[in-house]
Amino acid sequence: MPSTADFRNGMVLEIDGELWAITYFQHVKPGKGGAFVRTKLKNVLSGAVVDRTYRAGERVTSVRLERRPVDYSYSDGDLYYFMDQETFDLIPISREMLGASQLKYLKENMQCEGLVHDGDVISVELPAFVELEVADADPGFRGDTAQGATKPATLETGAVVQVPLFVEVGNVLRIDRREDKYLTRVNA
């Protein structure tokens, strides 16, 4: 069993039967009393975030999650169905589990990663960088500003991101979905 000395970001712990991922940790050595570790934990299934403090050297239960390729197939109400590329099973994932930040970039046939625990896919993560077509954008005019001007563009999935003035409807863009940020134009 690992201890608090083995903590690292992304490590998954089992606490009271639930899976929690470490998003932040800090070893603290106060002048008086014993050392401890301050952590921020994110629930793998619900996305809830909690703060928790451990004594230095305390033993924890670590869980190893595997990653498996899954493809998004379709949605039916609040359920989104992904096909496991190894078993070809359809896996229903709820809207709440996916989260609004991922849903706005999800499109059919997109390849994602399924997080596997005890042989079952429990959660799905979209790729960090997605390529989507611009569905709507205002025209940009030369000379509007000296440099670095942006405008809002609506992508094919409905997400809105800030893009440079030269981006037009029909362009395919690479987007960093974690930061809602335009990276580059894939086609001209």
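The values are calculated or read from the model by the stated rules, or taken from the named source; none is laboratory data. Everything numeric in this text was worked out from a predicted model, so none of it was measured. All Cβ positions, glycine included, derive from the backbone under ideal geometry; neighbour counts span all protein chains shown.
Some notes on this structure:
- Inspection of segment 115-122 finds no residue satisfying the criterion of being in contact (Cβ under 8 Å) with a residue 40 or more places away in the chain and on the phi > 0 side of the Ramachandran plot.
- Total residues in segment 32-58, condition surrounded by fewer than 15 Cβ atoms within 10 Å (Cβ to Cβ), on the phi < 0 side of the Ramachandran plot and more than 19 Å from the chain's Cα centre (by Cα): 10
- Of all residues in segment 14-31, those that are of a type in the set (G, A, S) and over 25 Å from the mean Cα position of the chain (by Cα) total 1.
- Per-region count, segment 175-188, residues surrounded by fewer than 14 Cβ atoms within 10 Å (Cβ to Cβ), in contact (Cβ under 8 Å) with a residue 40 or more places away in the chain and basic (K, R): 1
- Selected residue [more than 15 Å from F82 (Cβ to Cβ), modelled with pLDDT of 90 or more and either surrounded by 18 or more Cβ atoms within 10 Å (Cβ to Cβ) or within 22 Å of the chain's Cα centre (by Cα) (or both)] from A100, A159, A135: A159
- When S46, S73, S101 are checked against the criterion of being among the polar types (S, T, N, Q) and in a strand (DSSP E or B), a single residue qualifies: S73.
- Residues of segment 59-78 that are surrounded by 13 or more Cβ atoms within 10 Å (Cβ to Cβ) and either without any contact (Cβ under 8 Å) to a residue 60 or more places away in the chain or farther than 28 Å from N9 by Cα (or both): V60, V63, L65, R68, P69, V70, D71, Y72, S73, S75.
- Tallying residues that are surrounded by 13 or more Cβ atoms within 10 Å (Cβ to Cβ) and free of Cβ contacts under 8 Å to residues at least 24 places away in the same chain within segment 14-23 yields 2.
- Residue check, V130 at pLDDT below 85 and closer than 30 Å to E66 by Cα: no
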